[in-house]
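This report refers to the structure that appears directly beneath it.
The values are calculated or read from the model by the stated rules, or taken from the named source; none is laboratory data. Every value quoted in this text rests on a predicted model; they were computed, and no experiment measured them. Note: ideal-geometry Cβ built from the backbone for every residue, glycine included; neighbour counts use all protein chains shown.
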């Protein structure tokens, strides 16, 4: 759990949030019950999964490879459904320690 | 404090007249207040407007029930309204009419108070060229009551209208002033 | 893996449902506009996802641009005030004002302020994300709900067959209403066609005056389909002609996504729980309305 | 050099808004507010005021636009009344909660039904608890001066709440009287430009992105409510201070209340707005003609409520009559409740009388107010009241009572 971004000494007059992109601290991946797994052999690096991911949890790295950020992936499965190469597969989430 | 009620019909300038009188009184160094009847104003319908003048700040803000003066822009209103309702016993009425004070009283257009008739319509038509009555009758009011200086009325009119319009109005106002003054002296 | 926002306006960690269509609409639109925007978000799913109660205490705000929420029906008027305020302060240059609202906030409760702002000619982009009902409060019908759709206020029973608005229309035609205001740019878009959507938003960004973009954004929860199918359903809406992608630039209408082989509308309807009660004659009625709209748009 | 001009209450408001150098005016026309926005539109058209005017599609839109403009850092003014103010209701709470220092003139007018456009305070009373401050004025000069004071107070960091300047519809909005207008420079010295701080205010700035107006869970909502409460409490003190500063600069002071001849009074009449002036004349007359020791307490600041001043003025009196131009159906009158609240923990309090007067433009004349004083003096002597609620000027032939 991250802390409130204000302090007691500095309690604001409105619940306005002065913290752009502060949501990156919120690991919404914990909502997930299924997770996408990438078969790198099948992946054509077309980027369709990147485009359609509602949680911005899939990106291409410097080498152009697809990487899934499980911190934010909510496991909707759009990537699996839209992948033209069938390189993504949803599997049941296992409890992480 | 002096309280004045204007009677007129929508479009005759009763409301502006009350304003000009209050403005002139202010220019005399007095305190003043003017206000219209609070309601929808329609052309031709009878309207009232009010002015208060005093040497000290005016605090009262209710309607005027016992005026010191009544200014009548249109005597035909007497058919439907008692023009002098509540008029103080020593009050005066300045009325736009081509008739005399005696006739006005005889015909029960005005039933009480001292009457100052002034043919404001003729003066306005001759000098201004249109039946603008409020400034003309204020000239007569100044002469009849001495409650406001003619010079201050001139200034108030100049402040309100363009130069050309103000000049004509002031000329007509002065004419009415002189008519009443002449009659008095 | 490290997260960076780069040039993104919407980043991860928002509170939209898994597979949300509306957040995709915002992702494409806002990222296309860039950070020099001030956004008003009307009360809606997206408002809650971006700045709902859970977001405040820890400041978990998923945008990199300033945003304001006031109420449900205020978008057009609030951006009018922003437009006037920035102009009066000499700070108007370089800032794009964006009003975001759902279909209810646009077609129903917010139509007055939107109409006023459009008619006065304020400089703003209005984005309506359309999920065809009040999803934030749990799926009540709105002015853009399709005929026969079951919602919680148009349930199906012995006496009622789901949404039953006046005959002859698929939904309240917001783009046509905005076109009647004579504003310089109007577009429809779909989350299934992000390139088309992005292109339209970028085009709008380079035009001054009121601009209106209406984005079809299916809702897995409200419509009743698996959350993995959001894009597929949105695509079916376009492929069956139930949603047409076009733009109206200075009064000139262009269909931007032509569908060569239009699929029957039942392909779109039958995969959604909200239409599971629908009968063949009812499907035929909807098909007729789709055909009619196509004809109006000069399509086959 | 001051200029002294004859002008209506509405004109005085518009002149003050002009000299406050507002950036944005957004409003929707409604009688009797209309001439305020007409004057402002004229000032803008003539180039005398460098502001943007947005005539919104409704009062609801007008307040929304005011919020939008204020949230990007503009000094903002609006005006409305009656149905218009009621239509703004939802957004009034939003403006206060976002802590936006918007100033609004309210030309107090009755609320329909029955339909009418005449004065009473029902409209502003409906917004009493919205977080806005409310100041009621008695004269055109006070209307002018209060707008200037209101911008200064609203924009003070410890306050940051919107303020309504309430003037009686028609009775003041359309009454002309001499008003002293200071020079622009003098006003600017007193009221410098509004400079919101992006780290504190609700300010939408692309260089310092923030999310404003979002949700807040129950664990924190009361704390923000407390902040607004605290701002009104501090605002009470700050209005006293700003009024003093204004007095030093311009020679006119109003206080949070005006206690007129209350020091030795047995009976005190409490009122707001234009009733006060008439009541002062009546009090003087009764003092000289009947020898009654009567006084008048004008409530100028209604929110924040001037608790200390009310207690101080009422101290030593035997009866206090509250004359309200509004009704709280099922109880009595809101202003009476407020005065009673202020006195609730005072051990030896005067008898309190609850009068409703001037509803829907019913003239509150000298006769009516003299009757109020008479009843109050009687209560001062006997320590008893005749009726829990008294209706002044009610035609009892028609409705009994």
Positions within the stretch B:18-29 being under 18 Å from the mean Cα position of the chain (by Cα) and either assigned to a helix (DSSP H, G or I) or farther than 21 Å from residue B:161 by Cα (or both), in sequence order: B:18, B:19, B:20, B:21, B:22, B:23, B:24, B:25, B:26, B:27
Qualifying residue in the stretch C:12-32 (condition: more than 8 Å from every other protein chain (Cβ to nearest Cβ), under 29 Å from residue C:91 (Cα atoms) and assigned to a loop (DSSP other than H, G, I, E, B)): no
Hits in the stretch C:117-137 (condition: in contact (Cβ under 8 Å) with a residue 40 or more places away in the chain and part of a loop (DSSP other than H, G, I, E, B)): C:121, C:122, C:123, C:131, C:132, C:133, C:135, C:136
Any hit, the stretch D:264-272, residues being in a loop (DSSP other than H, G, I, E, B), buried (at least 24 other Cβ atoms within 10 Å of the Cβ) and either out of contact with any strand residue (DSSP E or B) (no Cβ under 6 Å at 6 or more places or on another chain) or at pLDDT 95 or above (or both): yes
Subset of the stretch D:296-305 [more than 14 Å from chain B (Cβ to nearest Cβ) and either out of contact with any helix residue (DSSP H, G or I) (no Cβ under 6 Å at 6 or more places or on another chain) or not in a loop (DSSP other than H, G, I, E, B) (or both)]: D:297, D:299, D:300, D:301, D:302, D:303
Residue list for the stretch C:1-11, restricted to those being in a loop (DSSP other than H, G, I, E, B) and either at pLDDT 95 or above or buried (at least 20 other Cβ atoms within 10 Å of the Cβ) (or both): C:8, C:9, C:11
Members of the stretch A:67-81 that are without any contact (Cβ under 8 Å) to a residue 40 or more places away in the chain, surrounded by 19 or more Cβ atoms within 10 Å (Cβ to Cβ) and touching a strand residue (DSSP E or B) at 6+ places or on another chain (Cβ under 6 Å): A:68
One residue from D:22, D:17 being assigned by TED's automatic domain parsing to the domain that holds residue D:173, closer than 20 Å to residue D:146 by Cα and not in a loop (DSSP other than H, G, I, E, B): D:17
Residue ID - nearest to residue D:305 (Cα to Cα), chosen from residues in the stretch D:189-223 that are within 10 Å of chain C (Cβ to nearest Cβ) and part of a helix (DSSP H, G or I): D:221
Residues of the stretch D:193-209 that turn out to be crowded, with 22+ Cβ neighbours inside 10 Å and free of Cβ contacts under 8 Å to residues at least 24 places away in the same chain, as a count: 1
Selection from the stretch B:129-165 of residues that are free of Cβ contacts under 8 Å to residues at least 12 places away in the same chain and under 27 Å from residue B:44 (Cα atoms): B:130, B:161, B:162, B:164, B:165
Of residues in the stretch B:27-53 being in contact (Cβ under 8 Å) with a residue 60 or more places away in the chain and over 18 Å from residue B:66 (Cα atoms), the one surrounded by the fewest Cβ atoms within 10 Å (Cβ to Cβ): B:28
Residue among D:87, D:91 that is buried (at least 24 other Cβ atoms within 10 Å of the Cβ) and either within 20 Å of residue D:166 (Cβ to Cβ) or more than 8 Å from chain C (Cβ to nearest Cβ) (or both): D:91
Restricting the stretch D:39-71 to residues that are more than 10 Å from chain C (Cβ to nearest Cβ), touching a residue at least 24 places away in the same chain (Cβ under 8 Å) and not in a loop (DSSP other than H, G, I, E, B), the residue that is nearest to residue D:163 (Cα to Cα): D:59
Filter pass, residue C:93 being more than 7 Å from every other protein chain (Cβ to nearest Cβ), crowded, with 24+ Cβ neighbours inside 10 Å and not in a strand (DSSP E or B): no
Those helices (runs of 4 or more DSSP H) lying entirely in the stretch C:163-248 with at least 2 residues surrounded by fewer than 22 Cβ atoms within 10 Å (Cβ to Cβ): C:174-180, C:194-205, C:230-239
Entirely in chain A, the strands (runs of 3 or more DSSP E) that have 3 or more residues that are more than 10 Å from chain C (Cβ to nearest Cβ) and over 15 Å from the mean Cα position of the chain (by Cα): A:88-92
Failed condition for residue C:43, given (1) farther than 21 Å from residue C:188 by Cβ; (2) out of contact with any helix residue (DSSP H, G or I) (no Cβ under 7 Å at 6 or more places or on another chain); (3) more than 7 Å from every other protein chain (Cβ to nearest Cβ): (2)
All helices (runs of 4 or more DSSP H) inside the stretch B:108-185 with 3 or more residues being in contact with a helix residue (DSSP H, G or I) (Cβ under 9 Å, 6 or more places away or on another chain) and surrounded by fewer than 16 Cβ atoms within 10 Å (Cβ to Cβ): B:150-160, B:163-184
Residue tally, condition part of a loop (DSSP other than H, G, I, E, B) and either facing another protein chain (nearest Cβ under 10 Å) or out of contact with any strand residue (DSSP E or B) (no Cβ under 6 Å at 6 or more places or on another chain) (or both), over the stretch D:103-135: 18
Selection within the stretch D:25-38 - surrounded by 24 or more Cβ atoms within 10 Å (Cβ to Cβ), in contact (Cβ under 8 Å) with a residue 60 or more places away in the chain and part of a loop (DSSP other than H, G, I, E, B): D:32, D:33
Residue D:96 vs. criteria in contact with a helix residue (DSSP H, G or I) (Cβ under 9 Å, 6 or more places away or on another chain), more than 7 Å from chain C (Cβ to nearest Cβ), surrounded by fewer than 24 Cβ atoms within 10 Å (Cβ to Cβ) and not in a loop (DSSP other than H, G, I, E, B): yes
Selected residue [farther than 24 Å from residue B:25 by Cα, buried (at least 16 other Cβ atoms within 10 Å of the Cβ) and within 16 Å of the chain's Cα centre (by Cα)] from B:64, B:77, B:95: B:77
Inter-residue pairs, beta-carbon under 7 Å, first more than 8 Å from chain D (Cβ to nearest Cβ) and in the stretch B:54-66, second at pLDDT 95 or above and assigned to a loop (DSSP other than H, G, I, E, B), 6+ apart: B:54/B:1; B:54/B:30; B:55/B:30; B:66/B:86; B:66/B:88
Counted residues, the stretch D:253-285 - those being more than 14 Å from chain B (Cβ to nearest Cβ), closer than 20 Å to residue D:350 by Cα and touching a helix residue (DSSP H, G or I) at 6+ places or on another chain (Cβ under 7 Å): 7
